[in-house]
Amino acid sequence: MSSPFLRGLFLFAFLAAANRPSFAGTSNSLMDVTPDGKRLLVANSDNGSVTVVDATNHKALREIAVGDKPEGVAWIGNGPLALVTVYNEDIVAFVDTDNGKIVEKLAVADEPYGIVAVKDGSIAYVVHEYPGTVSEIDVGQRKVLRQMKAGSMPRGLALSPDEKRLYVVEFYSGVLHAIDRTSGKRVDSWTGHSSDNLCRNVIVHPRRPKAYLSHIRSKIDVIDGSGSIFPQLSICDLVPAEKEAGKRRKSIGMDSYNGVYVVTNPWEAALSPDGKRLYTIYAGTNDMNVSATIDDDYREIKRVGYAVRVGQNPRAVRVSPDGKKVYVANALDFDVMVLDAQSMERLARIKLCDPPKSPEWVRGKILFSTADRPLSGRRWIACSSCHPDGHSDGRVWQNPEGLRKTPPFMGLAHTHPLHRSADRDEVQDFEYTIRGRLMQGPGLFRGAIKPKNGFEPTELSMDLSGRSKDLDALAVYSNSFEFTLSPHIPAPGKLSPEAERGKGLFFADAVGCAKCHSGPYYTDSTLKKPFNLHDVGTGGDDPSEKNGPKYDTPTLLGIYRSAPYLHHGKAKTLRELLTTCNKDDKHGKTSHLKGNDLDDLVAFLKSLPYETPPHRTPNTVKYRYDKSEHRESSAGGGAQGVK
């Protein structure tokens with residue numbers, strides 16, 4: 001139990017550490033600044049590269065290829081060595097930024113996201129979204145020393161000023177955890193509201209025991225353009241205290257922070273070296289707030305001036321070590337904006353790289369990411385508010401048609417029709433969502449669409465593909481997400497002995513999973529009509545259901561990381577999916593399976609995909625970008641479709 005003495009001791013230690021020089025890269029980001037302020041390093045996630053920038057002369061020096069989807073960067077001292085997490089390849093790249101070479105590719109656990117390094121550069125820490133761990137890396141020896149448990153699906157990562165603790169934040173819940181560096185154990189946690197969602201970043205004040213979390217709130221029982229998604233800033237008091245509800249964490253709604261000017265999808269924040277200014281960026285509306293931090297444990301922050309307009313889809317913000325400049329990395333302008341930290345005058349824009357993939361893909365991502373018109377009428381919500389970079393938001397929403405779990409987009413190009421109710425047969429049908437109650441936008445198609453008739457699938461009677469370049473671009477982007485191999489396999493194309501036994505059960509007639517979950521994407525979804533819909537005994541579980549009891553078969557690829565399960569999310573684990581949520585054996589015949597059999601079947605499911613699925617199937621749609629073919633389909637006219 002804590003006490004005033006322990007609280008005072010903690011404050012003394014924190015303040016003593018605060019007398020040390022401030023350091024730029026103590027929290028995770030796509031961008032980092034060297035301690036001397038002379039260099040920037042920026043990850044270009046969609047290009048598979050990082051760019052080294054001369055921060056004095058505002059000039060890009062070189063772009064270095066590092067791998068598929070870099071998500072975090074950290075300088076080792078003033079360089080030239082830097083570390084980069086490569087999310088889709090499960091590596092940390094050791095990069096010599098002077099000669100533009102990778103000197104080491106260190107294999108690490110799955111989905112490395114944020115990375116930070118201690119001030120002397122000897123140790124680095126990497127947070128892994130799945131399976132929810134932190135890797136401790138000896139930088140000199142280039143090896144992983146240990147793995148530490150870090151909660152469920154963490155992304156944000158920061159070091160305390162005295163470097164005794166790591167702070168890790170969960171992506172889907174915004175729960176903050178403290179890990180003691182010596183023991184490697186979680187020693188404290190800060191839980192917020194049940195609606196807290198999509199938190200990628202945590203920063204720690206250099207002078208006060210405070211942590212700042214930028215995230216959204218997802219109000220899952222409201223489907224409305226001004227009542228479903230809210231931008232938030234949570235502030236945690238890091239001093240040990242009595243575990244009284246609400247005493248150590250408060251949340252500030254950023255939707256009303258600028259008066260009636262709404263900002264959307266807070267991505268991350270940065271503090272000035274003296275801790276007096278807080279800079280918060282919003283990826284959905286291309287804005288940044290400047291705030292003064294207040295040492296009163298009540299108001300915490302006060303807005304300075306009005307929201308500052310930055311570039312397209314800002315995803316990183318840093319302050320120079322002398323506190324004079326603010327750097328904002330605009331992911332879809334492919335540049336860094338340099339601002340005067342006091343006046344917010346724009347000093348420079350530095351090009352980082354060329355746009356990736358295709359113009360249609362880039363345009364589709366811009367549309368997917370924005371909460372501005374014509375996607376949203378009131379600036380509260382973007383497609384990416386629920387489907388961040390093609391992932392799920394981990395939520396089950398009370399939709400008008402019933403409970404619906406947010407699906408990820410991986411493999412979408414091969415698994416149409418869309419929605420569990422199969423009420424849409426092309427991404428372009430989401431014009432109905434854009435114009436509907438959720439987004440309230442004017443839309444991307446210049447023309448009338450058939451009005452909805454209750455819960456009838458009106459969308460299926462509309463053919464919107466090829467009629468709007470923007471709708472087609474949105475489809476190209478949405479249909480371009482691919483699976484990475486499961487971490488639950490010994491090697492590509494290989495299964496563990498348990499998973500091999502589970503595979504035998506999966507394909508056995510006595511179990512029958514493969515009757516519906518067939519083909520390379522483990523689904524019998526098809527665009528041939530009538531659609532293959534199945535009653536798996538779950539339609540009656542939800543009293544609000546309007547469209548059941550038959551549903552489209554979801555892919556099983558990537559199911560290891562996509563809990564909860566079923567259209568209504570009532571199966572919390574794969575074992576529940578096979579047992580308590582399948583009492584009548586309508587969802588495969590599993591009631592006769594014993595404990596070991598169930599373990600083996602779960603092991604097989606968690607191994608999917610254990611081999612790369614094909615890039616083209618008989619059910620593959622036309623509007624997509626396929627990197628294996630280096631071309632998109634006929635979006636925007638002129639390009640060739642899939643053969």
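Please treat every number below as a calculation from the coordinates, not as lab data. What you see is a predicted model, and the numbers here were worked out from it, not measured in a lab. Cβ atoms come from the backbone with ideal geometry, glycine included; neighbour counts cover every protein chain shown.
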What nm distance separates the two modelled labels at D224 and K627, each placed 7 Å from Cα along Cα→Cβ? 4.1
How would T182, T573 line up from fewest to most surrounding beta-carbon atoms within 10 angstrom? T182, T573
Under a point spin-label approximation (7 Å from Cα along Cα-to-Cβ), what is the N399-V118 distance to one decimal in nm? 4.9
Net charge contributed by nearby residues that have their C-beta within less than 9 Å of E459 (K/R +1, D/E -1): -2
Cα gyration tensor of region 269-417, axes a ≥ b ≥ c as square roots of the eigenvalues: rounded (a/c below 1.5), prolate (a/b > b/c) or oblate? oblate
Net dipole in debye of region 458-613 [+1 Lys, Arg Cβ; -1 Asp, Glu Cβ; about Cα centre; nearest 20]: 100
Can you check what the net charge comes to around L471, using other residues whose Cβ is under 12 Å from the Cβ of L471 (Lys, Arg +1; Asp, Glu -1)? -2
Counted neighbours (other Cβ, 10 Å), sorted fewest up, put Y560, Y521 in the order Y560, Y521
Labelled set [x] 55; [y] 43; [z] 60; percent of Cα pairs over 34 Å apart computed from this model equals the value at [y]
Inter-part gap, Cα centre of region 117-180 to Cα centre of region 238-305, in whole angstrom, is 23
By count of other Cβ within 10 Å, fewest leading, how are C386, C353 ordered? C353, C386
So which trypsin sites (Lys or Arg not before Pro) in region 155-219 end up in coil per DSSP with only 11 or fewer other C-beta atoms within 10 Å? K185
Between A448 and K550, what is the spin-label point distance in nm, taking each point 7 Å from the Cα along the Cα→C-beta axis? 3.2
Sequence gap at least 6, Cα distance under 8 Å: using those rules, report the relative contact order of region 212-337 to the nearest whole percent. 17
With 0.36 nm assigned to each residue of separation and the Cα-Cα distance removed, D599 to L61 gains 188.4 nm
Within region 192-227, list the residues whose amide N lies under 17 Å from a label point set 7 Å along Cα→Cβ of R373. 225-226
Summed residue charge, Cβ within 9 Å of Y551's Cβ, Lys/Arg positive, Asp/Glu negative: 0
If r is the Cβ-Cβ distance from A348 to R186 and R0 is 30 Å, what FRET efficiency results, to the nearest 0.05? 0.10
What size of dipole, in debye to the nearest 20, comes out for the chain about its Cα centre when the only charges are +1 on Lys and Arg C-beta atoms and -1 on Asp and Glu C-beta atoms? 840
